[in-house]
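Okay, structure first, notes after.
The values are calculated or read from the model by the stated rules, or taken from the named source; none is laboratory data. Because the structure is predicted, anything quoted here is derived from the model rather than measured. Positions of Cβ are generated from backbone atoms using ideal geometry, with glycine treated the same way; all protein chains shown enter the neighbour counts. Side chains included, ligands, DNA and RNA excluded: accessible areas come from the protein's heavy atoms. Shrake-Rupley method; radii C 1.70, N 1.55, O 1.52, S 1.80 Å.
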Amino acid sequence: MGTIFKHISKTKLFFYLLFSLLYSLQGLLTSFLIQVAGKVDVNDNRMILTFGLSGVLLFVFIYACMYVNNILARAIIEDFNVLISKKAIEKFYQRTLQYSPSELNSFLAQDILMFWQEYLVPLIIYPIFGLSILASVSYLLIQHIQLGLMFTVGGFLMIIPQFIFHKMLKRRGEELSKARENSMASITDFTKGIDTIRSNQASQQFSVHVLDAIKNTERKQYHYFTSHNLVMFWTGPLKGIGLVIPLMIGLFLMRTTSLTLTTLLAMMTASMNLISPLQQLLEGTSSLQSSTAIRDKVVSILQLSDGFTDVKEKNVEGRKLCIDIDHLSKSFGEKKLFQQLSLNIPFGKKVLLTGASGSGKSTLFRLLSGEDTEYSGTISFESENGMSFKPSYDCVSVIHQKPYIFNGSLRDNVTLFQDFSDSSIIDVLQKVNLLKEVGNNLELHLDGQNLSGGQMMKLELARALLRLKPILLVDEVTASLDDTNAKEIRQLIYYQDCTIIEIAHKFNKDNYDEVIKLEDYRFRD
């Protein structure tokens, strides 16, 4: 809880608590008016009008406090939701948040919603209902100590079901959270893998699999809902006991004490207003108990260190780097890929990387880009004046085999929302011969379906050229292209002033300065 409050604006929280204090008096407003009405002289018109106007103004004031209070609560929730979303996105990008894509989707689309509805809202409304209960108890005790205690104890009887069903509520919340994760993963698999499902004619069976996950989520939601309502059901009879019995005793006391019917009615009204916020408080407690799994997720993300880590190394810009690899070895557990790989690749060279599937070509790309740091030996990028740089995207651009087309404009797909001028975007699109093909329209909406395979590769190349680094890694970019498009893409790549390392199965050795066969560096027993 401390971790959560640490990230809430202290100013907003202060004013929220202030208006919570004022709004908490609404439970006593009717009781106060009943008692005042009992003292009004019904023959005095001015007194009646004053009473009516004052009563209306009190309601206006109290509910104005409620309005401001709700606005502040929503502002606190909005700030927190944006904060935790930002943090989750940052940490997923940095790989410090060990979530799969579907888990991140589920967290952003479902868990955050559930968190603020089932945890954050109950947490921040505690002050309102807590203060309302305190005000009602104080009022009851002031009016009549013994009878006030009876009304108070009667009201607090409703806490009993909360303790009885505590473990069940927590378990239901955890089951629902897990079911939602599984459902989101299945839906994501279905939407992203629809082409594979169609081509293998597995739509019926896969649909059943997805629907089973959805049904399970709905079933867990039903259990979650019924568990909450079971607790609320048992509070009903206890509410009747806590209200009716003290009222009955009060009627007896009117025979022997100065207790008046007006005061008794005011106390009964106050006790009802005690029970209502207590019931809300119990519902909030149920939500808090059943949402501990979501809370733990949120807290674990909040506890991760702040800030993006991809700070660009300015000294790299414009430098001509050579690649120095010395006795590089890499393995995955028992699987050994290559050993004692030593290379020196001068700036501007074109290198072909070959090897059978599983020989480590893609792994070497990950090592050169800094994605994988688990290896023995050394990899460094050396500049002409002796400066040395570690493998990272500061030094390396990558053209991927299967470019991802984002749902957005051509401009957005090239810039990825970074700040580039239109002239720079147009220039790079002209270089890859893509601008004319899309009608010279930077605002053309792309959805992954309205570009050909060759155009997708040109777009991917444009992304790399817009941010061109001294080293360009090219991963099987012509594998799915026809000969004409493959030739055009390769010419565009070879024209660049950088070191090029390419993975390819279809190639012409004459296009390269060096061919490296990873089989020559295999581990041998």
Among (1) more than 30 Å from Thr285 (Cβ to Cβ); (2) of a type outside the set (Phe, Trp, Tyr); (3) open to solvent by 30 Å² or more (accessible area, probe 1.4 Å), Ser102 falls short only on (3)
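Condition test on Met168, is it under 19 Å from Ile294 (Cβ atoms) and more than 25 Å from the chain's Cα centre (by Cα)?
Considered against the rule, which asks whether it is under 19 Å from Ile294 (Cβ atoms) and more than 25 Å from the chain's Cα centre (by Cα), Met168 comes out as yes.
Quick one: which residue in Glu218, Glu175 is open to solvent by 70 Å² or more (accessible area, probe 1.4 Å), in a helix (DSSP H, G or I), among the acidic types (Asp, Glu) and more than 30 Å from Tyr404 (Cα to Cα)?
Details: Glu175 fails: open to solvent by 70 Å² or more (accessible area, probe 1.4 Å).
Checking each option against the conditions leaves just Glu218.
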Expected output for region 435-454 (first residue touching a residue at least 24 places away in the same chain (Cβ under 8 Å), partner in a loop (DSSP other than H, G, I, E, B) and not aromatic (Phe, Trp, Tyr), Cβ below 6 Å, 6+ apart or cross-chain) is Val438/Leu444; Leu446/Ile405; Asp447/Asn407; Gly448/Ile405; Gly453/Ser480; Gly453/Leu481; Gly454/Leu481
Looking only at region 318-341, how many residues end up being closer than 12 Å to Ser380 by Cα and either among the acidic types (Asp, Glu) or touching a Phe, Trp or Tyr at 6+ places or on another chain (Cβ under 9 Å) (or both)? 6
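Okay, residues lined up against (1) touching a residue at least 40 places away in the same chain (Cβ under 8 Å); (2) more than 30 Å from Trp116 (Cβ to Cβ); (3) in contact with a Leu (Cβ under 9 Å, 6 or more places away or on another chain):
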site	(1), (2), (3)
Ser31	yes, yes, yes
Val42	no, yes, no
Ile48	no, yes, no
Gly55	no, yes, yes
Arg74	no, no, no
Name the residues in region 76-92 that are among the small types (Gly, Ala, Ser) and touching a residue at least 40 places away in the same chain (Cβ under 8 Å), would you? Ala88
Select from region 485-525 the residues that are of a type in the set (Ser, Thr, Tyr), at pLDDT 85 or above and surrounded by 11 or more Cβ atoms within 10 Å (Cβ to Cβ) and write down the one among them that is farthest from Ala462 (Cα to Cα). Tyr512
Kindly provide the set of residues from region 186-215 that are surrounded by fewer than 13 Cβ atoms within 10 Å (Cβ to Cβ), at negative phi and not in a helix (DSSP H, G or I), ordered by number. Asn200
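Against the condition part of a helix (DSSP H, G or I), under 27 Å from Met168 (Cβ atoms) and in contact with a Lys or Arg (Cβ under 7 Å, 6 or more places away or on another chain), how does Ser227 come out, does it pass?
Values: part of a helix (DSSP H, G or I): yes; under 27 Å from Met168 (Cβ atoms): yes; in contact with a Lys or Arg (Cβ under 7 Å, 6 or more places away or on another chain): yes.
Yes, satisfied.
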So how many residues does region 25-82 have that are under 30 Å from Ala109 (Cα atoms) and not hydrophobic (A, V, I, L, M, F, W, C)? 7
Taking helices (runs of 4 or more DSSP H) that fall entirely within region 342-443, which contain at least 3 residues that are closer than 26 Å to Glu514 by Cβ and open to solvent by less than 30 Å² (accessible area, probe 1.4 Å)? 361-369
Scan Ile249, Ile294 and give me the residue that is open to solvent by less than 60 Å² (accessible area, probe 1.4 Å), closer than 19 Å to Gln110 by Cα and modelled with pLDDT of 85 or more. Ile294
Assess whether Ser383 counts as being in contact (Cβ under 8 Å) with a residue 40 or more places away in the chain and either over 17 Å from Asn315 (Cα atoms) or among the basic types (Lys, Arg) (or both). no
Odd one out for Pro277, checked against (1) out of contact with any helix residue (DSSP H, G or I) (no Cβ under 6 Å at 6 or more places or on another chain); (2) modelled with pLDDT under 85: (1)
Scan region 351-387 residue by residue and report those that are at positive phi and under 36 Å from the mean Cα position of the chain (by Cα). Gly358, Gly360, Gly370
What pairs can you find where one residue is in region 289-308 and within 27 Å of Ile164 (Cα to Cα) and charged (D, E, K, R), the other is modelled with pLDDT under 85 and not in a helix (DSSP H, G or I), and their Cβ atoms are less than 6 Å apart, with a gap of 6+ or different chains? none
Checking Val244 against (1) closer than 30 Å to Lys86 by Cα; (2) free of Cβ contacts under 8 Å to residues at least 60 places away in the same chain; (3) among the β-branched types (Val, Ile, Thr); (4) touching a Gly at 6+ places or on another chain (Cβ under 9 Å): exactly one of these is not met. Which one? (1)
Of all residues in region 252-274 being open to solvent by 30 Å² or more (accessible area, probe 1.4 Å) and among the aliphatic types (A, V, I, L, M), the one that is modelled with the lowest pLDDT: Met272
In region 76-99, which residue that is open to solvent by less than 50 Å² (accessible area, probe 1.4 Å) and touching a Ser or Thr at 6+ places or on another chain (Cβ under 8 Å) is nearest to Ala293 (Cα to Cα)? Ile76
For Leu72, the lone unmet condition from (1) within 36 Å of the chain's Cα centre (by Cα); (2) modelled with pLDDT under 90; (3) of a type outside the set (S, T, N, Q) is (2)
Of all residues in region 460-484 being farther than 28 Å from Arg319 by Cβ and of a type in the set (Val, Ile, Thr), the one that is most open to solvent (accessible area, probe 1.4 Å): Thr484
